[in-house]
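First comes the structure, then the notes that go with it.
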């Protein structure tokens, strides 16, 4: 069986059905096998017809003694049947399934599963699932623990169940050598995961299949790393230590220990003939931009220009201002390109900062030696596009402020080298964080007003929505709260900021906020990344329990960017464990580890919404399998050419970084 073959290679799967399967992330035979049930329905208990009670769901086995189509006065089409077993009879009703009169001939033995309800004043089994019982038939849909799958329109669990049931016996030997894992054999694990004899066997089966996904991810990373290493940069950079140190010493602040270490790692990469492919992970406010600036300076010294890419106009503009301030005294030209700002004709630039608009404009990018991508996961395939479209492969530095446990990061970004900024800039104080229940709301208003008056602190007030939702009326909306807060904080200057505003209007608000012409900005999470307002030391988050830990931590990172004490107030109905973690922990790394424990088998916070590794089976709770998967990958990678099925699974990228729509 070719596991990488399209589902259309399976009998009864045409292009229309394949399109429906694609909506479930099922494109190949492998995908279908790993499309596991999200729950199981126990249909093992068989009842007698006379024991059927209204309101109960039951399984009965017997014969259909009669069936007929009935047309009601209002045009409905019913199928009524008489079910008989040793205890008596039971009326069965279906709706709009005319073909059943041909399926059930008198004496047909069936198993039925459904809910008993009143019909025309008598108990009846309403729209039950059915399964014919013959000497040759197997129990697929009834009389067992029945798998219930994630479905889509026109594709039921019954269809998926049938297709997978008849596919499983065709499985060949394990696609991995038998000595690669001590876990459950492959075919046995798939059988137990889809059609378990007991729920106890499901856990070990899923464990084996989760291992498969982690192993494929590790092998795919090794394959990408190998391919990357075969691409050579025409000119490895010469590192002028004296000029680099002079640039660093000219900075208005001292680099932290981890900034110095990350800088050394980046400079070492830049001096090699193999293009750098490094991820710089650091908390909000940890100084990633400055570290990247050192790299762009080295590129300039070597006669190469740099691209700095950001996912939003706010963040791109922030990088532009930061880099312009650093490089203007050195005569290094920094330009900005966004959707609302085009590059002037014949512009001469050394560092070009931009959003996705960089791809839509005709730019001369042949002399680019370094590409810095901030929050790469928001760019889709930007990294690969750049690496192949610029002629010679440039050095690539990606940055992220999304807190990810190190073990997870090393797996998600296995083809990248990893540098981490683990400490805040010198002089910064941790942001004091409090969960504020509703009864303390009025008192918090008074406290915030006092802080703004006495310390001249500016404030962010973040709401989950822009406008009031008809269905979620209790959730705060920025436009509504803005009008209310103007009355509460009457003597202060307030402004509104959200994603639907025109770019020019957003820029105007941000510029006024930076100049301290505005005291408070009422906003949506559009302010999550990219705003550096040193005077802002109060962050208020409405409906904090609606945000993931990553989002809360990112928002909190908008304040506390000076030596002054900053505060974050989380308005919520109750202090959940996640919100209590925000009070206790100030490090994104610690919060990521905490969230991993809190969510257990759930998805790692903050990654799905921005693009992450898309597993069909594994969750981040399975990362205890990582050492075993890494060891197996190390052992199997040199042998891939002799393992055709495994190599094809790796080469076709069955586990891949999935990007947001």
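The values are calculated or read from the model by the stated rules, or taken from the named source; none is laboratory data. These figures come from a predicted structure and were not determined experimentally. Note: ideal-geometry Cβ built from the backbone for every residue, glycine included; neighbour counts use all protein chains shown.
Could you please let me know if residue 191 is outside the structural domain of residue 109 (by TED's automatic domain parsing), over 15 Å from residue 616 (Cα atoms) and in a helix (DSSP H, G or I)? Criteria met by residue 191. The residues listed here are 114, 107; of these, the one that is touching a residue at least 40 places away in the same chain (Cβ under 8 Å), over 30 Å from residue 5 (Cβ atoms) and surrounded by 13 or more Cβ atoms within 10 Å (Cβ to Cβ) is 114. Only one entry of 46, 13 meets the criterion of being in contact (Cβ under 8 Å) with a residue 60 or more places away in the chain and within 14 Å of residue 114 (Cα to Cα), and that entry is 46. Please specify each residue of segment 72-99 satisfying the condition of being in a strand (DSSP E or B) and over 50 Å from the mean Cα position of the chain (by Cα). 82, 84, 85, 88, 89 - these are the residues of segment 72-99 that are in a strand (DSSP E or B) and over 50 Å from the mean Cα position of the chain (by Cα).
For segment 132-166, the tally of residues that are under 39 Å from the mean Cα position of the chain (by Cα) and assigned to a strand (DSSP E or B) stands at 6. When 194, 235 are checked against the criterion of being in contact (Cβ under 8 Å) with a residue 24 or more places away in the chain and within 27 Å of residue 11 (Cβ to Cβ), a single residue qualifies: 194. Before we move on, is residue 473 over 16 Å from residue 457 (Cα atoms) and either at pLDDT 90 or above or in the same structural domain as residue 311 (by TED's automatic domain parsing) (or both)? So residue 473 does not fit the description; no. Please determine whether any residue of segment 81-92 is surrounded by 13 or more Cβ atoms within 10 Å (Cβ to Cβ), under 29 Å from residue 163 (Cα atoms) and in contact (Cβ under 8 Å) with a residue 24 or more places away in the chain. Scanning segment 81-92, I find at least one residue that is surrounded by 13 or more Cβ atoms within 10 Å (Cβ to Cβ), under 29 Å from residue 163 (Cα atoms) and in contact (Cβ under 8 Å) with a residue 24 or more places away in the chain, so the answer is yes. Among the candidates 101, 87, the residue that is at pLDDT 90 or above and either in contact with a strand residue (DSSP E or B) (Cβ under 8 Å, 6 or more places away or on another chain) or in the same structural domain as residue 138 (by TED's automatic domain parsing) (or both) is uniquely 87. Residue 248 meets each of the listed conditions (1) touching a residue at least 40 places away in the same chain (Cβ under 8 Å); (2) more than 18 Å from residue 395 (Cβ to Cβ); (3) out of contact with any helix residue (DSSP H, G or I) (no Cβ under 9 Å at 6 or more places or on another chain) apart from (3). When we screen 53, 102 for residues that are assigned to a helix (DSSP H, G or I) and more than 30 Å from the chain's Cα centre (by Cα), the only hit is 102. If you filter segment 196-205 down to residues that are in contact with a helix residue (DSSP H, G or I) (Cβ under 7 Å, 6 or more places away or on another chain) and surrounded by fewer than 21 Cβ atoms within 10 Å (Cβ to Cβ), you find that the one that is farthest from residue 636 (Cα to Cα) is 196. Restricted to helices (runs of 4 or more DSSP H) entirely inside segment 229-344, those with at least 2 residues that are modelled with pLDDT under 90 are 313-327. The set of residues in segment 259-277 that are in contact with a strand residue (DSSP E or B) (Cβ under 7 Å, 6 or more places away or on another chain) and either within 20 Å of residue 352 (Cα to Cα) or surrounded by fewer than 22 Cβ atoms within 10 Å (Cβ to Cβ) (or both) comprises 265, 266, 269, 270, 275, 276, 277. Restricting attention to segment 561-577, the residues that are buried (at least 19 other Cβ atoms within 10 Å of the Cβ) and either under 26 Å from the mean Cα position of the chain (by Cα) or modelled with pLDDT of 85 or more (or both) add up to 7.
Among the residues of segment 418-437, those that are at pLDDT 90 or above and closer than 30 Å to residue 573 by Cβ comprise 431, 432, 433, 434, 435, 436, 437. Of all the criteria given as (1) touching a strand residue (DSSP E or B) at 6+ places or on another chain (Cβ under 7 Å); (2) farther than 18 Å from residue 395 by Cα, the one not satisfied by residue 340 is (1). Output the residue which, of all residues in segment 169-188 that are assigned to a helix (DSSP H, G or I) and out of contact with any helix residue (DSSP H, G or I) (no Cβ under 6 Å at 6 or more places or on another chain), is modelled with the lowest pLDDT. By that ranking, first place goes to 179.
Would you confirm whether or not segment 22-39 contains a residue that is over 30 Å from residue 175 (Cα atoms) and either part of a strand (DSSP E or B) or in contact (Cβ under 8 Å) with a residue 12 or more places away in the chain (or both)? Checked against the condition, which is being over 30 Å from residue 175 (Cα atoms) and either part of a strand (DSSP E or B) or in contact (Cβ under 8 Å) with a residue 12 or more places away in the chain (or both), segment 22-39 yields no hits at all.
Taking the criterion of being surrounded by 13 or more Cβ atoms within 10 Å (Cβ to Cβ) and assigned to a helix (DSSP H, G or I), the only residue of segment 419-443 that qualifies is 440. Within segment 204-218, the presence of at least one residue that is free of Cβ contacts under 8 Å to residues at least 24 places away in the same chain and assigned to a helix (DSSP H, G or I) is confirmed.
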